[in-house]
Amino acid sequence: RYYDTKKQPVRWAFGHGLSYTSFAYSNLHLSAASMGDEDVLSVSADITNTGNRSGKEAVQLYVSDRNGTFGRPAKELKGFTKVSLAPGETKTVTWQIRARDLSYYHTELGDWYAPSGTYGILVGSASDDIRLEGEVNFVTAKLLPMTIDGTTTLGDLMADPRTAPVLSEIMKSAFGAAAENDNAGMNSDDATARATMNAMPLKSLASFAAMPQEQYDAMLQGFRAAAEA
């Protein structure tokens, strides 16, 4: 995982092996285009002995987080199957992928966690010899702990279902009825205005709305209570 992620050359890649014959990979199939926390994804591929001798191939299954998650390797081995094939013979190998296979251990959550997004499903003969690639969209219901202070942005609060309703009420209170439908520009058709509002930290919102300290402290406490509920 380290050498692939850092693009460091190695003499023999993980899973490398030699044979007196050759193998072709084809027909990668995923049982679904998307999955959730409780779903099981079936992955299958056809392996064909294209040489004139019998042989065995160690077919490897890797998963790749394609969401830009910090610190994750380029790909992780999640399964392998050794298949014996006569010349010209084809066999189908199958694995099952669960949410745990897409996850890493999140210390603040105290549990395994995979962010919602796209994951690559890779099948190959070695870590540097990927023959087939597919993608699955994963959606999780798990929510990460939030640290809320003056630097927390409105976009972060609106993106979290625990704090979004609280923010909507505060927006209506701070900006009046005009904010009821568009959260004071956060849902605006103007991309620049929307990006500006999403990037605004709570301390700037308090300053813009001329909130007294007591109201600002109460706002922070309200968000913290919602995030911990």
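The values are calculated or read from the model by the stated rules, or taken from the named source; none is laboratory data. Values in this document were obtained by computation on a predicted structure and should not be read as measured data. Every residue, glycine as well, gets a Cβ built from its backbone with ideal geometry; the counts of neighbours run over all protein chains shown. These accessible areas exclude ligands, DNA and RNA; they are computed on the full protein's heavy atoms, side chains included. Shrake-Rupley method; radii C 1.70, N 1.55, O 1.52, S 1.80 Å.
Has the stretch 81-97 got at least one residue that is within 29 Å of Thr140 (Cβ to Cβ), within 17 Å of the chain's Cα centre (by Cα) and free of Cβ contacts under 8 Å to residues at least 24 places away in the same chain? No, that holds for no residue.
I'd like the full set of residues that are closer than 15 Å to Ala126 by Cβ and within 13 Å of the chain's Cα centre (by Cα), limited to the stretch 68-80. Passing the criteria: Ala74, Lys75. Pairs are defined by a Cβ separation below 6 Å, a sequence spacing of at least 6 or placement on different chains, a first member in the stretch 128-156 that is over 28 Å from Ala74 (Cβ atoms), and a second member that is open to solvent by 80 Å² or more (accessible area, probe 1.4 Å) and at pLDDT 90 or above; the pairs so defined are Ile148/Arg224; Gly150/Lys203. Given the residues Gly124, Gly150, which is the only one that is small (Gly, Ala, Ser), assigned to a strand (DSSP E or B) and in contact with a strand residue (DSSP E or B) (Cβ under 8 Å, 6 or more places away or on another chain)? Going through Gly124, Gly150 in turn, just one is small (Gly, Ala, Ser), assigned to a strand (DSSP E or B) and in contact with a strand residue (DSSP E or B) (Cβ under 8 Å, 6 or more places away or on another chain): Gly124.
Table: residues versus (1) at pLDDT 95 or above; (2) surrounded by fewer than 15 Cβ atoms within 10 Å (Cβ to Cβ); (3) within 30 Å of Ser204 (Cα to Cα).
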site	(1), (2), (3)
Gly71	no, yes, no
Gly79	yes, no, no
Gln96	yes, yes, no
Thr118	yes, yes, no
Ala126	yes, no, no
Leu132	yes, no, no
Thr147	no, yes, yes
Gly150	no, yes, yes
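Checking Ser26, Ser42, Ser31 one by one, the residue that is free of Cβ contacts under 8 Å to residues at least 24 places away in the same chain and touching a Leu at 6+ places or on another chain (Cβ under 8 Å) is Ser31 and no other. Yes or no: Leu122 open to solvent by less than 60 Å² (accessible area, probe 1.4 Å), in contact (Cβ under 8 Å) with a residue 40 or more places away in the chain and among the aliphatic types (A, V, I, L, M)? In short, yes.
Checking each residue in the stretch 101-116 for being at pLDDT 95 or above and among the hydrophobic types (A, V, I, L, M, F, W, C) picks out Leu102, Trp112, Ala114. Considering only residues that are of a type outside the set (Gly, Ala, Ser) and surrounded by 14 or more Cβ atoms within 10 Å (Cβ to Cβ), which ones fall in the stretch 1-37? Result: Arg1, Tyr3, Asp4, Phe14, His16, Thr21, Phe23, Tyr25, Leu28, Leu30, Met35, Asp37. So which residues in the stretch 54-71 are touching a residue at least 40 places away in the same chain (Cβ under 8 Å) and not acidic (Asp, Glu)? Scanning the stretch 54-71 gives Ala58, Val59, Gln60, Leu61, Tyr62, Val63, Ser64, Arg66, Asn67, Thr69. If you go through the stretch 172-229 and keep only what is modelled with pLDDT under 85 and in contact with a helix residue (DSSP H, G or I) (Cβ under 6 Å, 6 or more places away or on another chain), you end up with Lys172, Phe175, Ala179, Glu180, Asn183, Ala184, Gly185, Met186, Ser188, Ala193, Ala209. On the given criteria, is Ser168 modelled with pLDDT of 95 or more and open to solvent by less than 50 Å² (accessible area, probe 1.4 Å)? Considered against the rule, which asks whether it is modelled with pLDDT of 95 or more and open to solvent by less than 50 Å² (accessible area, probe 1.4 Å), Ser168 comes out as no.
So is Gly79 touching a helix residue (DSSP H, G or I) at 6+ places or on another chain (Cβ under 9 Å) and either in a strand (DSSP E or B) or not aliphatic (A, V, I, L, M) (or both) or not? Here the answer is yes, as Gly79 does meet what is asked.
Of the set (1) assigned to a helix (DSSP H, G or I); (2) farther than 30 Å from Met146 by Cα, all apply to Arg100 but (2).
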